[in-house]
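A.B. asks: I'd like to ask some things about the structure below.
The values are calculated or read from the model by the stated rules, or taken from the named source; none is laboratory data. Computed from a predicted structure; not experimentally measured. All Cβ positions, glycine included, derive from the backbone under ideal geometry; neighbour counts span all protein chains shown.
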Amino acid sequence: MYELYVLAELLDAPRSAYKMRFVLERILGAHRKVSFGVLYPLLDKMEAQGLIETTENLDARGKNLKQITAKGRERFDELMREPIKPSAHMDDMCLFKFGGIQYVSEKLAHVVIEAYRAEKNDEIKQYLEATVELIEKHGDASFVPVATQMYRHHIMSAEADLKWIDEFEVMYEAMPDKAKGVNEDADYVAYQGEDA
């Protein structure tokens, strides 16, 4: 799950595993921890695959720096084009994609943004339908008020995500140095599937 994050981070500049872990934990949230037991094996695997390499340079803490390779850039592009499948980690994957969005074509960036927006709208629709169904089936049951409030929590969270997506899109549009020279048609077709 963290492969895309690592590649996007290294597109910006070489980083140490320590720094990547620190930033990753901030992205994931206050109570999410990423152990070196997860990160180091991933970095070793990515290095063995030729996606990243260790430089001869050290950071200020004396830690080895990793950098992305040409093959790693290709893998990053591939991961950015892959649609995100609904799962428990969908929001994390979306954050990782948004974190690397400045390195893809504008067309693909908009496809990524719209896909996340559509997912959040669908989430709202599902919880609204579930609320109606719950009330219709169970009416005055004692658990209905609590259950509907739980659904409302999910709806409000998705609405907040939609607001954030809108703000992100405005920020993205104002970025002066978005990716240039990318084959936008190839990006779009790869993300949507060949029937797009």
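A.B. asks: As an exercise: evaluate VAL34 against (1) free of Cβ contacts under 8 Å to residues at least 40 places away in the same chain; (2) in contact with a helix residue (DSSP H, G or I) (Cβ under 6 Å, 6 or more places away or on another chain); (3) assigned to a helix (DSSP H, G or I) and give the number of the one condition it does not meet.
C.D. replies: Tallying (1) free of Cβ contacts under 8 Å to residues at least 40 places away in the same chain; (2) in contact with a helix residue (DSSP H, G or I) (Cβ under 6 Å, 6 or more places away or on another chain); (3) assigned to a helix (DSSP H, G or I), VAL34 fails exactly one: (3).
A.B. asks: Please tell me if MET46 is part of a helix (DSSP H, G or I), under 13 Å from the mean Cα position of the chain (by Cα) and closer than 20 Å to MET1 by Cα.
C.D. replies: Values: part of a helix (DSSP H, G or I): yes; under 13 Å from the mean Cα position of the chain (by Cα): no; closer than 20 Å to MET1 by Cα: yes.
In short, no.
A.B. asks: Further question on the same structure: In this structure, is ASP59 surrounded by 12 or more Cβ atoms within 10 Å (Cβ to Cβ) and within 30 Å of LYS120 (Cβ to Cβ)?
C.D. replies: no
A.B. asks: Among LYS66, LYS107, which is the only one that is modelled with pLDDT under 95 and either more than 21 Å from LEU24 (Cα to Cα) or within 12 Å of the chain's Cα centre (by Cα) (or both)?
C.D. replies: None of the other options fit; the residue is LYS107.
Condition check ((1) in contact with a Leu (Cβ under 6 Å, 6 or more places away or on another chain); (2) touching a residue at least 24 places away in the same chain (Cβ under 8 Å); (3) surrounded by fewer than 16 Cβ atoms within 10 Å (Cβ to Cβ)) across all residues:
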{"position": "ASN121", "(1), (2), (3)": "no, yes, yes"}
{"position": "LYS125", "(1), (2), (3)": "no, no, yes"}
{"position": "VAL132", "(1), (2), (3)": "no, no, yes"}
{"position": "LYS137", "(1), (2), (3)": "no, no, yes"}
{"position": "SER142", "(1), (2), (3)": "no, no, yes"}
{"position": "GLN149", "(1), (2), (3)": "no, no, yes"}
{"position": "ALA158", "(1), (2), (3)": "no, yes, no"}
{"position": "ASP166", "(1), (2), (3)": "no, no, yes"}
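A.B. asks: Can you tell me which of ASP166, ASP161, ASP77 is modelled with pLDDT of 90 or more, in the same structural domain as VAL34 (by TED's automatic domain parsing) and in a helix (DSSP H, G or I)?
C.D. replies: Details: ASP166 fails: in the same structural domain as VAL34 (by TED's automatic domain parsing); ASP161 fails: in the same structural domain as VAL34 (by TED's automatic domain parsing).
Exactly one residue qualifies, and that residue is ASP77.
A.B. asks: Quick check: is even one residue across segment 132-141 under 21 Å from ARG26 (Cα atoms), of a type outside the set (S, T, N, Q) and either touching a strand residue (DSSP E or B) at 6+ places or on another chain (Cβ under 7 Å) or not assigned by TED's automatic domain parsing to the domain that holds ARG21 (or both)?
C.D. replies: no
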